[in-house]
1. Please go through (1) more than 13 Å from chain A (Cβ to nearest Cβ); (2) within 12 Å of ligand 1 (Cβ to nearest atom) for B:P32 and return the number of the only condition it doesn't satisfy.
2. Look at segment B:207-223 and say how many of its residues are among the charged types (D, E, K, R), within 16 Å of ligand 1 (Cβ to nearest atom) and either assigned to a loop (DSSP other than H, G, I, E, B) or without any contact (Cβ under 8 Å) to a residue 12 or more places away in the chain (or both).
3. Scan B:L155, B:L198, B:L204 and give me the residue that is within 16 Å of ligand 1 (Cβ to nearest atom), in the same structural domain as B:P32 (by TED's automatic domain parsing) and of a type in the set (A, V, I, L, M).
4. Are any residues in segment A:100-116 more than 8 Å from chain B (Cβ to nearest Cβ) and either over 18 Å from B:R145 (Cα atoms) or buried (at least 21 other Cβ atoms within 10 Å of the Cβ) (or both), and if so, which ones?
5. Test each condition in (1) in a loop (DSSP other than H, G, I, E, B); (2) touching a residue at least 40 places away in the same chain (Cβ under 8 Å); (3) surrounded by fewer than 20 Cβ atoms within 10 Å (Cβ to Cβ); (4) within 12 Å of another protein chain (Cβ to nearest Cβ) for B:R127 and report the one that comes out false.
6. Can we say B:T47 is away from ligand 2 (no atom under 16 Å from the Cβ), among the β-branched types (V, I, T), within 28 Å of B:E305 (Cα to Cα) and modelled with pLDDT of 95 or more?
7. Looking at the structure I just gave you, is B:L169 under 14 Å from the mean Cα position of the chain (by Cα) and crowded, with 23+ Cβ neighbours inside 10 Å?
8. Cβ-Cβ distance below 7 Å, separation of 6 or more or different chains: which pairs start in segment A:102-124 with a residue that is over 25 Å from A:M168 (Cβ atoms) and end on one that is among the polar types (S, T, N, Q) and buried (at least 22 other Cβ atoms within 10 Å of the Cβ)?
Amino acid sequence: MTALITAPPRTPLARLRWALADGWTVTRRDLTHWRNQPLQLVAGLLFSVMVLLMFGFLFGGAMFVPGGGDYREFLVPGVLALTMVFGVETTFTAISTDAARGVTDRFRSLPMAPSAVVLGRCTADLLSAVLTLAALVLAGLAMGWQWHNGVAGAFAAFALLLFLRLAMLWLGIYLGLVLRSPEAVMALQILVWPLGFLSSAFVAPATMPGWLAAVAEWNPLSATATAIRELFGNPGWGGQSWPSEHPVLLAVLWPLALTAVFCPLAIRGYRELSR
Amino acid sequence: MSSVEPAVVAENLRKRYGETVALDGFDLTVAPGAVHGLLGPNGAGKTTAVRVLATLLRPDSGRASVAGFDVVAHAEQARYRLGLVGQHAAVDEMLSGRQNLELFGRLYHLRPSAARARAGELLERFRLADTGSKPVKQYSGGMRRRLDLAAGLILSPYVLFLDEPTTGLDPRARNEVWAAVRELTAAGTTVVLTTQYLEEADQLAGRISVIDHGRVIAEGAPEELKRRIGADRIDVVLHRDADLPTAAALLADIAGAQPESDPDRRLVSAPVRDRMAALSRLVPALSSAGITAEDVALRRPTLDEVFLHLTGDQQEVVA
Ligand SMILES: Nc1ncnc2c1ncn2[C@@H]1O[C@H](COP(=O)(O)OP(=O)(O)OP(=O)(O)O)[C@@H](O)[C@H]1O
Ligand SMILES: [Mg+2]
């Protein structure tokens, strides 16, 4: 019988190591999910690539970029930003499934670092975002998309994309803990999809009627899409408004604001579990 | 028991959910190495009590400790000493049984090799070795339950909480759970288990707390309680309605208590102290009175009957 009872670590450094180790254990659980069900992972990647191909080849012929330029060059950054926002569904499903199945409670009854669940979720979701981005970049390159401002610009663009994904993590955790039902992802999709289209991801907001155009311009997804178009040196839609003139600033501010609101709410969500 | 520190203590725990009072002054003391049963109907507050004791839920007031560690102030230390098997299986559906146990083992800070070895042992012990590498999604309810139980035993905890561990299990799996609980207590683990079955509490527990409306309404060894409850019961199902009064009179004489009659089912039923003596007197008495019985059965009182006796409220019994 293993009756080995360990005591929690005492020094701050030992506690940090312990928290990182637990976080990695929780991350590895997701990696094991992928290994157990590679098809699910591949299907997710294919879906993003399909959206890109569909708009690039099916609708692309009918689209034009206001400032001139190739629609596919305009489209790829849009879809990159779009998939970061849609990542909220991945986080939501993982968090609400654990909460509904009692796995969250099991974790809470274990002597593990309380931060490990969030750290593990965060690492796994960012890894999955990186995989999605990689798949889209490859597909984009095959479609003729390129970055024109060198590696530094491209890096800054990917950093902004992952920053947006990180902001979506907090929203996903918060909603997952509040709703605690993986089936509610349907409802989430109904909310997220229009937000995806009501942006500059696929078309220039200038083509939309007045107030819709304003919503699309201020949409966090548009901020990141417009910012990374600039950083990649891809054609933008060239609006005259404040958000279209300060896209990089807005692509930093929006995720910061979302994090500032939903990170505390997510942490409170965990606290509420013991109420 | 006075000099030894109790393994589990709950003092005057209160917890409400909005209007619902889930715990209303719940008290519990469990001696180290004991098996303590929490017996109560749906909604009595069993799960709430277990969740407070397992550090998952903060009580509104009152205090509780596990292995001497306060479950609120020293939750982390308490967690190293407790295992929890909740009312619903809490395992990762997308992982195999083995992967689940290794994951939880790692989160108990076992080394990878130790976590692997422990997972193997537990799968073996709960007859899951063959299916250990299948995803849990493909498990039956009983298999899931056994895996869940295995996950609660990874560290051979000092105190193990089992919330309705055998609900939904087939008799064989139930016996295995009982055997596992007995083995654990033989090795020194203290067990607190909730159940709706007097039979189960009777089989496993050295002491039983009967819970109703968030508080303990009776506590004692099973024998003590059964004495208060009126022990076992004898049920007689008659062939003819007309025999009901005669049979009731005979049974009253033998049992020394007023039997209950249920004309719809042609049933008379009475509590008996000495099971076998009552049976061997009743059968000849019935036949010499010319009464044909379709069935004569000895059984443990149901939870309803336990409550009937403990609360003394005749209206509450459900036929
Ligand atoms: N999360 C919750 N929110 C609101 N009410 C709750 C919650 N959990 C429990 N309750 C209520 O508290 C009371 C006690 O519930 P509890 O789950 O502890 O009972 P139980 O004895 O475990 O019942 P069962 O045998 O059905 O499992 C019930 O009235 C229940 O409706
Ligand atoms: Mg319960």
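The values are calculated or read from the model by the stated rules, or taken from the named source; none is laboratory data. Predicted model, so just to flag it, every value in this text is computed and none were measured. Neighbour counts run over all protein chains shown; Cβ positions are idealised from the backbone, glycine included.
1. Among (1) more than 13 Å from chain A (Cβ to nearest Cβ); (2) within 12 Å of ligand 1 (Cβ to nearest atom), B:P32 violates only (2).
2. Within segment B:207-223, residues that are among the charged types (D, E, K, R), within 16 Å of ligand 1 (Cβ to nearest atom) and either assigned to a loop (DSSP other than H, G, I, E, B) or without any contact (Cβ under 8 Å) to a residue 12 or more places away in the chain (or both) number 0.
3. B:L198
4. So the first thing to find is which residues in segment A:100-116 are more than 8 Å from chain B (Cβ to nearest Cβ), and the list is A:100, A:104, A:113-115.
Across segment A:100-116, the qualifying residues are A:T104, A:A113, A:P114, A:S115.
5. That leaves (4) as the condition not met.
6. no
7. No.
8. Pairs that qualify, where the first residue is over 25 Å from A:M168 (Cβ atoms) and the partner is among the polar types (S, T, N, Q) and buried (at least 22 other Cβ atoms within 10 Å of the Cβ), are A:S109/B:T55.
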